1. Per residue of the stretch 449-466, what does 6.51 cos²θ - 1.76 cosθ + 1.60 with θ = phi - 60° give for ³J(HN,Hα)? Whole Hz please, x for Gly and Pro, Karplus curve as stated.
2. For the chain, take the longest principal axis of its alpha carbons; what is the angle in degrees between that and the long axis of helix 771-796, to the nearest 10 within 0 to 90?
3. Would you mind estimating how fast the stretch 115-161 diffuses translationally, via Stokes-Einstein at 10 °C and 1.306 mPa s with the Kirkwood radius over Cα pairs, in µm²/s?
4. Give the Kirkwood hydrodynamic radius (Å, one decimal) of the stretch 8-51, defined as one over the mean of 1/r across all pairs of different Cα atoms.
5. Listed highest first by mean packing, meaning other Cβ atoms within 10 Å per residue, what order do 52-65, 320-333 come in?
6. For the stretch 1-148, take every pair of Cα atoms, bin their distances at 5 Å starting from 0, and report each bin as a whole percent.
7. Compare the peptides 285-298, 710-723, 462-475 by average per-residue count of other Cβ atoms within 10 angstrom and give them in order, highest first.
8. Can you tell me, using C-alpha contacts under 8 Å and at least 6 residues apart, the relative contact order of the stretch 2-73 as a whole percent?
Amino acid sequence: MKNKAFSLINIAGLSIGMAACLLILQYVSFQLSFDQFNKNAGDICRVVNDRYQNGKLIQHGTITYSAIGKAMQDDYPEVTDHARVMPFGKLIISYNNKRISEEDVIAVDNSFMRMFSYPIIAGDKTTALQQPYTAVLSETSARKIFNVSDNNLTALIGKTITMGTDSLPYKVTAICKDVPENSHLSFDILASYTTILSGPSPYKQADYDFTDSDFWHYIRLKHGTDYKALEAKLALFSQRHFQGNKVSGSDEKFYLQPLSKAHLYSDFEYEIGKIGSATVVWGLLIIAALIIIIAWVNYINLATAKSLERAKEVGVRKVSGATRLQLIRQFLTESFIINIAALLIAFFIVTLLQNSFNELIQHQLSLAYLFKKGITGYNITAGLLTLIAAGILISGFYPAFVLSSFKPILVLKGKYTTSGKGIILRKALVIGQFAVTVALIIGSFIVYKQIKFVNEQSLGMVISQMLIIKPPQLTKYDSTFINHENSFASESKAIPNVLGAAASNKVPGNELSRGFDVHLTTGNSNNHYTVRHMGVGDGFIELYGIKLRAGRSFLSSDFNPDFKKLHNIILNESAVKLLELPSDHSALGKQVTLFGHNWDVVGVINDFHQKSLRYPLEPTLLVPAYSTYNPISIKVATKDLAKTMGAIKDKYDAFFPGNIFDYYFLNEKFNEQYSDDQLFGKVFSIFAGFAIFIACLGLMGLSLFATAQRTKEIGVRKVLGATISSIVVLLSKDFIKLVIVSIVIASPVAWFVMHNWLQDFAYRINISWWIFPLAGILAILIALFTISFQSIKAAAANPVKSLRTE
């Protein structure tokens with residue numbers, strides 16, 4: 001209460017720093033808590049693999065063969081259980097005359113329910129998925145499908161539903177709680193894996209096969225097993241089952257990924273789980289630590305800077321009999337009170353900002369997430385409590401040590417002066433603070449520039465104003481389907497403000513499938529390759545504005561409902577180079593083998609970015625293929641959009657009766673690939689602002705104290721003719737020197753960190769030299785702005801009053 005300005009600066013800096021730290025830690029705790037709700041999380045791994053052809057890595061993915069999990073359990077006693085997963089995709093669910101759109105269905109072995117901890121509300125989890133055509137519904141899906149509002153979900157057991165176009169109904173055998181938000185696997189319905197093996201056309205390879213890789217595997221290890229030790233044995237496993245590359249045509253290398261790392265540490269293709277970014281999480285955690293450290297540095301700086309004013313107090317206390325231990329206890333108590341007051345205010349600030357923060361990160365978080373179990377148990381919770389306790393002790397101990405060490409005789413005689421060591425320490429702390437803030441400013445510039453760069457890069461196609469209509473999956477595929485879908489596209493084009501329409505099996509942003517053993521049928525046909533492939537409908541190339549480099553686009557005559565009769569194909573320019581053809585035009589008329597079938601090359605198109613710019617361009621083949629599971633792309637003008645959408649829906653309902661009209665805009669979906677980077681950019685900038693503000697509070701406090709210490713000097717200088725500007729320069733130059741030193745230290749560190757961050761992008765900016773001086777100038781301006789008020793106030797004061805201060 002005696003030193004209101006300093007107390008306010010201290011508490012404000014600490015409370016803002018703690019609030020920023022608490023907000024970031026919520027997000028970090030949430031990301032690290034993924035899959036920890038599973039009772040056996042520490043013993044579950046998923047099987048991932050790398051495929052090599054001709055010594056070259058062709059696939060780094062989570063997808064593998066149906067036999068892998070069972071073979072591992074048979075071969076290694078360390079493996080106690082396994083479960084296969086095969087996504088059915090988002091299906092329309094029918095019950096009586098009711099249809100529910102886009103339910104996420106995955107087929108799993110019955111063992112899935114005992115390996116993972118998805119609580120069952122109704123039914124028997126031990127047998128729920130043993131029989132073909134059985135299903136487990138999530139609580140929300142069950143209530144939607146059967147229109148249930150009460151808690152009598154047991155009554156739903158035994159009811160039947162239909163999925164997609166499947167002719168046989170599925171029996172509901174259990175209801176489970178909704179999948180937690182922090183589960184990397186997400187589903188609405190679990191279908192029995194045995195369903196794949198039954199029915200009129202059983203998928204026999206889904207049982208035990210080493211050639212067809214459309215499956216995901218999870219294994220449970222004996223408790224206490226070192227998964228790395230087991231992983232070391234998998235080279236022999238690969239040799240035993242694949243005999244080099246004789247069985248699958250590829251060299252197979254298998255790895256185990258702990259379930260706890262599946263969310264944050266996935267750089268795999270064909271990912272079926274929710275993935276985050278470990279770089280973002282650990283980067284934000286470092287920022288949180290830096291912010292709170294800056295706040296505590298402020299406290300230490302201001303407390304030691306005030307030591308001269310408190311020297312006489314200490315001297316009087318010591319003369320009156322106070323021991324050094326009592327003084328240390330007193331100053332630690334002050335530190336504790338200030339830190340606790342700041343922590344309580346921080347909780348209040350977090351409560352005020354929580355909704356805005358949740359909106360920013362697109363998750364419903366709260367302070368409760370700080371106490372959730374993470375990858376390494378409750379280390380985040382323990383770390384938070386340890387950090388607060390350590391901060392209180394460290395930020396209080398040094399000032400207490402300094403203040404309690406004063407010699408009372410010297411102090412009371414007025415001979416006490418601030419020690420050189422103390423001044424050096426305060427300067428070092430200021431340099432450290434501003435080095436962090438300058439590094440954060442540089443980082444913010446680079447993150448902003450990279451995100452702007454990837455958003456503005458040409459994709460080699462046009463995705464703006466593109467409406468994607470979900471596929472008519474309930475319509476039967478027969479000899480009339482292609483004409484039916486083309487008629488829908490043709491009549492849709494006649495709708496005002498519709499600029500084009502075409503179907504394709506994937507749209508930009510989707511992962512394309514790979515074709516293996518691709519080669520030229522003539523010439524250098526000994527070289528076999530792996531390429532991406534995409535089925536497209538009539539007009540797809542023109543609709544997306546993909547440039548034709550040679551030959552022609554697909555014609556209506558290239559399409560046929562019988563896949564075996566298709567024979568024309570289009571290559572992109574990367575595929576031409578991969579096949580070692582001398583030019584685009586030389587590719588025309590060549591034959592390419594894909595799926596064991598020969599195709600005639602009729603055209604070459606430019607490369608286009610199917611996925612985000614994190615990934616390089618890849619050789620891709622376009623084939624003229626339709627399917628009832630193909631989404632339909634429609635380019636629309638923005639004028640009278642609601643009216644246009646209504647007209648498109650009417651056409652869709654007329655051509656595809658019984659299907660559900662559902663859609664999204666492609667550019668929004670495509671840009672979701674950058675959501676983690678955009679979040680990182682926003683959060684980085686916001687919390688860099690917090691760090692700068694807190695550092696400025698400290699600088700303001702120090703300038704306030706320094707000015708107070710030199711009041712008499714300022715008065716003398718003014719009497720002798722010094723101008724206000726010269727006094728402002730005098731008071732500011734020492735601080736500016738410290739900021740310049742911090743710029744020199746921060747620049748190479750910031751370059752190193754951001755250079756490494758940019759390596760995650762296949763296409764990235766070069767870090768421009770001008771970012772560093774710009775950040776430095778900005779830091780100097782911020783520092784000048786912070787200390788100028790007090791400097792100008794002191795310089796403009798009446799010198800007579802200044803000379804009377806003592």
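The values are calculated or read from the model by the stated rules, or taken from the named source; none is laboratory data. All values reported here derive from a predicted model rather than from experimental measurement. Methodologically, a virtual Cβ is constructed for each residue, glycine included, from the backbone with ideal geometry; neighbour enumeration extends over all protein chains shown. Calculation scope for accessible area: heavy atoms of the full protein, side chains included, ligands and nucleic acids excluded. Shrake-Rupley method; radii C 1.70, N 1.55, O 1.52, S 1.80 Å.
1. So the J values, rounded to whole Hz, are 5, 5, 5, 4, 4, 5, 6, 9, 5, 5, 8, x, 7, 10, 10, 5, 6, 9.
2. The angle comes out near 30 degrees.
3. Value of D from the Cα-based Kirkwood radius: 137 µm²/s.
4. 13.8
5. Going by the mean number of other Cβ atoms within 10 Å, highest first, we get 52-65, 320-333.
6. 1, 6, 10, 12, 14, 12, 10, 8, 6, 5, 4, 4, 3, 2, 1, 0
7. The most tightly packed comes first, giving 285-298, 462-475, 710-723.
8. 15
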